[in-house]
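Have a look at the structure below, then the notes.
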């Protein structure tokens, strides 16, 4: 394990923001994780645990230590006639893991194809797409306590999963480092989730009448590629805002004024409204201020055209939040973590 000083974080965040960290280290195994937890630099400074940096916005130099988790490995821990249980190390790139599962015909995460990030970050955010959330196939999450150095395991039901939320974003935030995630996936008789409108349309367009999990993963990748900008070409962190959920009274008022408003009915007479639609209707799609902007094809995505600072992006995000609140009386919250 090597600790570097005054390191640029530009290569380590998909927004391509130029900031520096006082200290930086990359860890490739569990022993190094234990070692860093007991190192004086780690113990006496603010810490940022980093995966691929695909869901963060850095607004200033980080006055502390950034720890990048690069542990690798996929292990079969249990198997039945119907299911496979895979323990995946936190540093495995998420889409590489999805590709592995598709090649092995393991089902359950095909709708989550092509999401950037590392596997260890997936339960923190409870990543989701096209009708599926990662909680639907997580068996347990393994982590180590930052203060007591103890390895612990939380079962799915104890992770407090919610919409883009978990115990790791709340009670355990900055208290633990996720080291591995175990998934329960199907080996056969896969149950496909095809209710999402865009996914269903693309399957019909492709003329596929009996789609496989591999078909679904390929179509999801195609949709995401066409819909979202490539971070390697233009700095972004994917969806910047969460889709808000509103009560029936407000929904009824909105649908009277906007009969074509897209929505997804939830339990308890709640309605989820696409944040991208609200932003576009508020006039922000394609907006650009300096090098900070709203993507021209997807209003949910904020972009760094080249030299925007994290503060530039954050200021734009706050203006958008205020505009949506003023026009629709709906508060949209940020999905991206701001530092």
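Brief remarks follow.
- Positions within the stretch 299-314 being closer than 24 Å to residue 226 by Cβ and surrounded by fewer than 22 Cβ atoms within 10 Å (Cβ to Cβ), in sequence order: 305, 306
- Listed by first and then second residue, the pairs with beta-carbon distance under 9 Å, at least 6 apart or on different chains, first residue in the stretch 177-203 and without any contact (Cβ under 8 Å) to a residue 12 or more places away in the chain, second in a loop (DSSP other than H, G, I, E, B) and surrounded by fewer than 20 Cβ atoms within 10 Å (Cβ to Cβ), are 197/262; 200/194.
- Qualifying residue in the stretch 227-240 (condition: out of contact with any helix residue (DSSP H, G or I) (no Cβ under 6 Å at 6 or more places or on another chain), within 30 Å of residue 53 (Cβ to Cβ) and assigned to a helix (DSSP H, G or I)): yes
- Residue check for residue 109: farther than 28 Å from residue 242 by Cβ and touching a helix residue (DSSP H, G or I) at 6+ places or on another chain (Cβ under 9 Å): no
- The stretch 324-337, residues that are in a helix (DSSP H, G or I) and within 25 Å of the chain's Cα centre (by Cα): 324, 325
- If you go through the stretch 62-98 and pick out every residue that is in contact (Cβ under 8 Å) with a residue 24 or more places away in the chain and in a helix (DSSP H, G or I), you end up with 2.
A quick yes/no check of all residues on (1) surrounded by fewer than 17 Cβ atoms within 10 Å (Cβ to Cβ); (2) at negative phi; (3) at pLDDT 95 or above:
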position: 239; (1), (2), (3): no, yes, no
position: 252; (1), (2), (3): yes, yes, yes
position: 260; (1), (2), (3): yes, yes, no
position: 275; (1), (2), (3): no, yes, yes
position: 278; (1), (2), (3): no, yes, yes
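- Selection status of residue 271, free of Cβ contacts under 8 Å to residues at least 60 places away in the same chain, over 30 Å from residue 18 (Cβ atoms) and surrounded by 15 or more Cβ atoms within 10 Å (Cβ to Cβ): yes
- Residues that are without any contact (Cβ under 8 Å) to a residue 60 or more places away in the chain, under 20 Å from residue 180 (Cβ atoms) and out of contact with any helix residue (DSSP H, G or I) (no Cβ under 6 Å at 6 or more places or on another chain) within the stretch 33-49 comprise just one, 35.
- Residue check for residue 73: under 23 Å from the mean Cα position of the chain (by Cα), closer than 30 Å to residue 216 by Cβ and modelled with pLDDT under 95: no
- Looking across the stretch 152-188, the residues that are modelled with pLDDT under 95 and at positive phi come down to 164, 174.
- Test for residue 317: is it crowded, with 17+ Cβ neighbours inside 10 Å, modelled with pLDDT of 95 or more and in contact with a strand residue (DSSP E or B) (Cβ under 9 Å, 6 or more places away or on another chain): yes
The values are calculated or read from the model by the stated rules, or taken from the named source; none is laboratory data. Quick caveat: nothing in here was measured; it's all calculated off a predicted structure. We place every Cβ from the backbone using ideal geometry, glycine too, and count neighbours over all the protein chains shown.
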